[in-house]
Structures are given as structure tokens and as C-alpha cells.
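Novice: Structure provided below as C-alpha cells; questions to follow.
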Amino acid sequence: MQQNVKVKYLKKTSVIILIMLLIVYPSGCSVQKETDSSLKHNLTKTQVQEDRKQVIEYLENVHPFFLLEKDQEKYKVAKEKYMKATKRAMPITEFQKITSIYLSSLNDGHTTLNWETGEEFPFLQIESSYEDGKTYLCENGKKTDICIEKIGGISVQDIYQNIDLIRPKENQSAIAKNRERFLVIKSVLANCGVEMKDNNVQILFSDGKEKQYSFGKKRLETMSYGMGENNCYKEGDIFVVDLNLCVVDTKLDFILSELERALNTGCHKVMIDVRGNPGGDSNACSLLLNELGMSVPDMTMICRYSSFATEQRGYVEKEGLVTYKESTEAEEPGNPIELVVLSDKYTFSSATLLCTWIRDGNLGKIIGEPSSNQPSAYGDILVFTLKNSKLEIGISHKKFIRPDQYKKENVLIPNIETSAEAAYQQGVEYLKLRE
């Protein structure tokens, strides 16, 4: 089928409205109301092939990769393996893993299968933190020196290998985030052969001790940041925006009005905290920069149109690629603003976009850990539910090209690289030294 390829030049405001990277299954999102048995029954051979056909059709007709990238050999190999592995009847759990491996072949953090569904009690009730190839036990939000060695008789290293297969890896931060986040998901552990009994599992620690843990409805979050509503406050002479989710709402209106008041009374030090922020509507980020007297640097957005995108987004065009380009440049405020943005491995999607704008527009400094997705990345997902397995998948239908297109690195390294926990204090100390 002949695809249309167009280029459109839009005014800044038009592109800002179009740039929205949807979040992929963040913590706290609603999930399908299924019982524990929903992922345990078998699919017939016909049902497997029907769902497989859906997955391939959605991916190849929605994702921009297939019209943008010339080298598709790695994908073709993954597809061939997927086709061979799905020629028989199997449990939904097995189809879930095989499909996740196939989708992850594009290494697009937005194009994934949702693993946080189908269980009444999906999360292992343990506080833990991943660092340098090990998962440490945490107590009251503090990391101990005790590591998890085995879960239900399976070594943590073997579980890591499975997580690496089923999750896309845009960079090293993504690998760390995946291992930390998915090590406590029941469906993932079950797929690794972890032995469970009556919703409990035995965990062996590096000190030789073994303890039983249960599964629950809510994830036990170790990090103290990135939680709760968006907020703002003063830290001495620093105006701090605690942006935990990129959303335009009455709370953001309040933050913008408080920021305006602070700037009008002489404040010129601002810190935006997007640690733990999984993304959302990038308009929230652009509005904050605009309030600071800054404009977003040039961006290029490539949208792939399809019948599926038309159905979910209401587009008029039903096929082809359209490239939207801007023609303005970033502006620094008339009165110099000292801006710091805090990031970590959970900073994702629109929150990463904010960091990229700051870096390429030379608008401030980034402090903390590298984000888990690339500065130029796919995003804005369409969501599909498979007919027989009822598994839910998200597929990107846009690509966002960073302002500095000459930079090809797959990770945005902060100006001051430090741990996520230490980033806040580092930001405060940095700004205290600024005049």
C-alpha cells in the first residue's frame, strides 16, 4: 500500500497542543477487574492465532517504525520467532510472555503489554530498591545492605533475565527501572516459575535468612518523592514545583498563579521536580516554561495515521506519515531565571521531554539520574484489548525528535549526576550558590 508522507510547518502553539505523550500503565492506574484465574486458563490454537494476528496487525499498522526505519532486520527476526512460537494452544500466561518479547523488539518504552492486570493481589508486599545489579531490601524507605537472593526458589538473576526479555530497553536507566518495578509483580514472578502458596512466597536474603511475604492490592513504594498531587512551595528563596504527573488542571492553574506571584516579588530561582513522573500531557511542562518567560525550543513530531488512530483520536487522515515542524527557537527570559530540573530513572515520556527542552534550549540545569527513555522517542499510545486473552497492549503512533537533532545519544545525562534521593539537596545547594 502506498503511504503518504507529508511535512507541515505549524506555529508554536499548534504544535504544543499536538505534543502529548500518553502514560503507559503508571502506578496507581485503574486495571481490568479480573480474578486470579483470568490469566491461568488455556487458549486454543485458534484463539492464540487470532490474538497473534491482532497484535501484528495493530503493531505494523500503527507504529511509525515501519515507515521511518530502513533497517528492520531485527524486527523481522523477532516476528518470525513470534509466529513459530504461537502455532499451538497454550496458557494465557505463556502467550503473555511471548507477546511481550515480540513487542519489546522495537525497544520503545511506550509500546508494551500491561502486566499489572489480571490478578486480585498483583504486588509483592516488600520494599526494595535496585542498584548496580542487585535488589536491596528497604525498611521504612531506607535501603539496607541486605540483598534479595531468591524469590520462591528462583534466583533474582534469573528473574532479571526474564524481565529484560519482556520489557523494552531504551537505555540503561530503563533496564534498572524495569528490574526494580517488575520484580514485585505477581504475574511476572509466576511466569518465571516462582513457587507460591496461598498468596505467599518465600524470599531468601543475602544474610542467609528466609522470610515469607504475601501479595497485595497496592504496590509498596520505596521512594518518598514522585507521589501524591502536584504541588508548589518555597525552599528559602527557591520556588519548588513538585510535578508528579504532567496534567493540565486546576492544580496546575494554582501552581502557575503562585509562580507568577513569586516571580513578581523578585524570586529568580526555580526548581521543577519530575523524579518519579511517568509523563502525561506535555502542555503542563510548556505552560510552566512560558510562565518563566521561556519558550519551548524547536521540536519535530512525526505522526503515523491509520484507521486505528482515526478511531481512537478522531483524525481525518487515515494513512501515511505527516511531519510537523516548528519555526521558532527557545527564548530565555528577560530577567535571568536560575532553573533546575530534578530527574531519575522513573522520569518518563512528557517529563523526559521537559528535560530535553531544558538541555537543548539551554534553559537550565538537570540534576539527578538519567531518564529511562530517549531524548528522541516514540510516544502517544493507542490502547488495544485482545479478543481472546483480554490482554491489553499499548502502541505508539508518533515520534518526537529532540530540538538538537544532531545529538544521537539514547540517554539524557544530567548536568550534575547523582542518586535520585540526593538530587533534591544537590539542587538546593546548586541554587544557593547562584546570584
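The values are calculated or read from the model by the stated rules, or taken from the named source; none is laboratory data. Everything quoted here is computed from the prediction, not taken from an experiment. Neighbour counts run over all protein chains shown; Cβ positions are idealised from the backbone, glycine included. SASA here: full protein model, heavy atoms, side chains in, ligands and nucleic acids out. Shrake-Rupley method; radii C 1.70, N 1.55, O 1.52, S 1.80 Å.
Novice: Can you list the GluC sites (Glu not before Pro) in segment 143-225 that are in a DSSP coil and have 16 or fewer other beta carbons within 10 angstrom?
Specialist: Here the GluC sites (Glu not before Pro) that fit, given the DSSP loop and packing criteria, are Glu195, Glu221.
Novice: Here is a further query. For the chain, which whole percent of the accessible surface, found with a 1.4 angstrom probe, sits on carbon and sulfur atoms?
Specialist: 48 percent
Novice: Sort Leu433, Leu321, Leu204 by accessible area with a 1.4 Å probe, largest first.
Specialist: Ranked list, largest accessible area first: Leu433, Leu204, Leu321.
Novice: Leaving ligands and nucleic acids out of the surface, order Ser307, Ser128 by accessible area at 1.4 Å, largest first.
Specialist: Ser307, Ser128
Novice: Gain in length, Glu311 to Asn362, computed as 0.36 nm per residue apart minus the alpha-carbon separation, to one decimal in nm?
Specialist: 14.5 nm
Novice: Just to check I understand the Karplus step: with θ = phi - 60° and J = 6.51 cos²θ - 1.76 cosθ + 1.60, what whole-Hz values come out for segment 107-112, glycine and proline as x?
Specialist: 6, 10, x, 8, 9, 8
Novice: Sorted from largest down, what three extents in whole angstroms do the Cα atoms of segment 135-183 have along their principal axes?
Specialist: 30, 25, 13
Novice: Taking the Cβ of Phe66 as the center, what net charge do the other residues with Cβ under 9 Å away carry, scoring Lys and Arg +1 and Asp and Glu -1?
Specialist: Residues near Phe66 contribute -1 overall.
Novice: Quick one: go through segment 69-85 and flag any residue whose amide nitrogen is under 20 Å from the point 7 Å out along the Cα-to-Cβ line of Asn42.
Specialist: Of the residues in segment 69-85, 84-85 have backbone N under 20 Å from the label point off Asn42.
Novice: Also, I was wondering about something else. Show me the ranking of peptides 340-351, 293-304, 366-377, 256-267 by mean Cβ neighbours inside 10 Å, starting with the highest.
Specialist: Highest mean packing first, the order is 340-351, 366-377, 293-304, 256-267.
Novice: Output the relative contact order of segment 100-249, whole-number percent, from Cα pairs under 8 angstrom with separation of 6+ residues.
Specialist: Reported as a whole number, the value is 28 percent.
Novice: Sticking with this structure for a sec: Calculate the spin-label point distance for Ser224 paired with Glu417, positioning each point 7 Å from the Cα along the beta-carbon direction, and give it in nanometres.
Specialist: With each label placed 7 Å out from Cα toward Cβ, I get 2.6 nm.
Novice: Same structure, new question: On a full-extension model of 0.36 nm per residue, what is the gain between Ser155 and Asp237, subtracting their alpha-carbon distance, rounded to one decimal in nm?
Specialist: Fully extending the segment from Ser155 to Asp237 adds 24.6 nm.
Novice: Dipole of the chain, Cα-centred, from +1 at each Lys and Arg C-beta and -1 at each Asp and Glu C-beta, to the nearest 20 debye?
Specialist: 1560 debye
Novice: How big is the C-alpha Rg of segment 284-435 next to the rule-of-thumb value 2.2 N^0.38 Å, as a ratio?
Specialist: 1.21
Novice: Per residue, how much accessible surface does segment 253-360 expose to a 1.4 Å probe? Answer in Å², no decimals.
Specialist: 34 Å²
Novice: With a 10 Å cut-off between alpha carbons and a GNM built on the chain, which of Lys269, Lys365, Lys408 moves the most?
Specialist: Maximum among the listed residues: Lys408.
Novice: Based only on Cα atoms, what Rg/Rh ratio does segment 73-137 have, Rh being taken as Kirkwood's radius?
Specialist: 1.07
Novice: I need the Debye-formula profile for segment 361-405: one equal scatterer per C-alpha, no solvent, reported as log10 I(q)/I(0) at q = 0.19, 0.21, 0.25, 0.26 1/Å, two decimals.
Specialist: Computed log10 I(q)/I(0) values: -0.78, -0.85, -0.98, -1.00.
Novice: Whole number please: convex hull volume per residue, Cα atoms of segment 162-239, in Å³.
Specialist: Taking the convex hull of the Cα positions in segment 162-239, it is 183 Å³ per residue.
Novice: Scan segment 230-307 for chymotrypsin sites (Phe, Trp or Tyr not before Pro) in coil per DSSP, keeping those whose Cβ has at most 12 other Cβ atoms within 10 Å, and list them by number.
Specialist: For chymotrypsin sites (Phe, Trp or Tyr not before Pro) across segment 230-307 that sit outside H, G, I, E and B with at most 12 neighbouring Cβ atoms in 10 Å, the list is empty.
Novice: Please report, in Å, the Rg and the Dmax of segment 35-99, where both are computed over Cα atoms only.
Specialist: According to the Cα coordinates of segment 35-99, Rg and Dmax are 13.6, 43 Å.
Novice: Tally Lys/Arg at +1 and Asp/Glu at -1 over every other residue whose Cβ is under 14 Å from the Cβ of Tyr233; what's the total?
Specialist: Cβ neighbours under 14 Å give a net charge of -2.
Novice: Let me ask something else. Within the set of other residues whose C-beta is less than 12 Å from the C-beta of Arg434, count the net charge using Lys and Arg as +1 and Asp and Glu as -1.
Specialist: With Lys, Arg at +1 and Asp, Glu at -1, the net is -1.
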